[in-house]
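Okay, structure first, notes after.
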Amino acid sequence: MTEGRLHVFDDPAGAVAQLLAAEARRGGAIVLTGGSTPERAYELAARLEPDWSRAQVFWGDERCVPPDDGRSNFGLAKRALLDRLAALPDVHRIRGELAPAAAAAEYEAELGEATPDLLLLGLGPDGHVASLFPGSPQLAERARLVTHGPAGLEPFVERVTLTLPALLTARRIVVLVAGAGKAEAVERSFRGPVDEEVPASLLRRGEAPLDVYLDPAAATGAASAN
Ligand code: 6PG
């Protein structure tokens, strides 16, 4: 078991950008998250370290839409990070334009034996991480590394996602959270009991360091320390 360490910053994206840039310099396997929160972290990371040629980039989940769709997690990283780099990493994209089962099977094969050195996750207001939503069969999946299914929150499009066992293979997990709307999810995920109803709390079943970078608004529900 590991306990989530909370790190409160006025600008948590800046702190996470430093971690991403350092991991890129090391040439690690970096798993990116989707959603809106990481955009600034990606932009800052590209400025801090423009050479990602030694790194490999994966995604924790993807919406089943084409890469140029505004809801694409790859599309977000392309705009905010990849297009701003001087040297690209090895990019392992989940092909959201395929049928969900085909995209999941292809990505699981591409993931192979890769172990994430840094897994970046966001946190949903319901405590979901990646596209593992409370009470979903995808959250319960224990045999596969990649699965697919419906979204439990907007955008309501089919998702391809790493499973909990896959997330727990990471050597380091970093969660980036911002805004008062996430305060209850932070409290339930990292200060409450480990609970199947709160997917992010299950990250504490792993052994890897689990660090939560959040702003004061997201930290209002939890005793926290830098
Ligand atoms: C996704 C993400 C998802 C996201 C959270 C938080 O595909 O949407 O992987 O897990 O990180 O929903 O999203 P926001 O950063 O937009 O609040």
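The values are calculated or read from the model by the stated rules, or taken from the named source; none is laboratory data. No experiment lies behind these values; they were computed from the predicted model shown. Ideal geometry is used to build each Cβ from the backbone, glycine not excepted, and the neighbour counts take in all protein chains shown. Note: accessible area is taken over every heavy atom of the protein model, side chains too, but ligands, DNA and RNA are not part of it. Shrake-Rupley method; radii C 1.70, N 1.55, O 1.52, S 1.80 Å.
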Q) For segment 169-179, what does the Karplus curve 6.51 cos²θ - 1.76 cosθ + 1.60, with θ = phi - 60°, yield as ³J(HN,Hα) per residue in whole Hz, taken in order and with x for Gly and Pro? A) 7, 5, 6, 7, 10, 10, 10, 10, 9, 8, x
Q.
Among His92, His148, His128, which one shows the highest mean-square fluctuation when the chain is modelled as a Gaussian network with alpha-carbon springs under 10 Å?
A. His92
(Q) Can you compute the charge dipole magnitude of the chain about its Cα centre, using +1 on each Lys and Arg Cβ and -1 on each Asp and Glu Cβ, nothing else charged? Give it in debye, rounded to the nearest 20. (A) 320
Q: Take the eigenvalues of the Cα gyration tensor for the chain, scale each by 5, and report the square roots as semi-axes in whole Å, largest first.
A: 23, 22, 16
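Under the 0.36 nm per residue contour assumption, what length would be gained going from the current alpha-carbon distance of Glu196 and Glu110 to full extension?
Fully extending the segment from Glu196 to Glu110 adds 28.1 nm.
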**Q.** For the chain, built as a Gaussian network whose Cα springs stay under 10 Å, the top-fluctuating residue of Arg26, Arg171, Arg40
**A.** Arg26
Q. Which ³J(HN,Hα) values in Hz, rounded to whole numbers, follow from the phi angles of segment 204-210 under the Karplus curve 6.51 cos²θ - 1.76 cosθ + 1.60, where θ = phi - 60° and Gly and Pro get x?
A. 6, 6, x, 10, 6, x, 10
Q. Among Asp10, Asp215, what's the order by accessible area (1.4 angstrom probe), most exposed first?
A. Asp10, Asp215
Q. Quick one: how many Å² of Arg95 are accessible to a 1.4 Å probe, rounded to 10?
A. 90
Q.
For a quick check, take a GNM of the chain with Cα springs below 10 Å and name the residue from Gly181, Gly122, Gly206 with the largest mean-square fluctuation.
A. Gly181
Q | Where labels lie 7 Å past Cα in the beta-carbon direction, separation of Ala22 and Asp10 in nm | A | 2.2
(Q) Among DSSP bridges having both ends in segment 5-156, what percentage is antiparallel? Round to the nearest 5. (A) 10
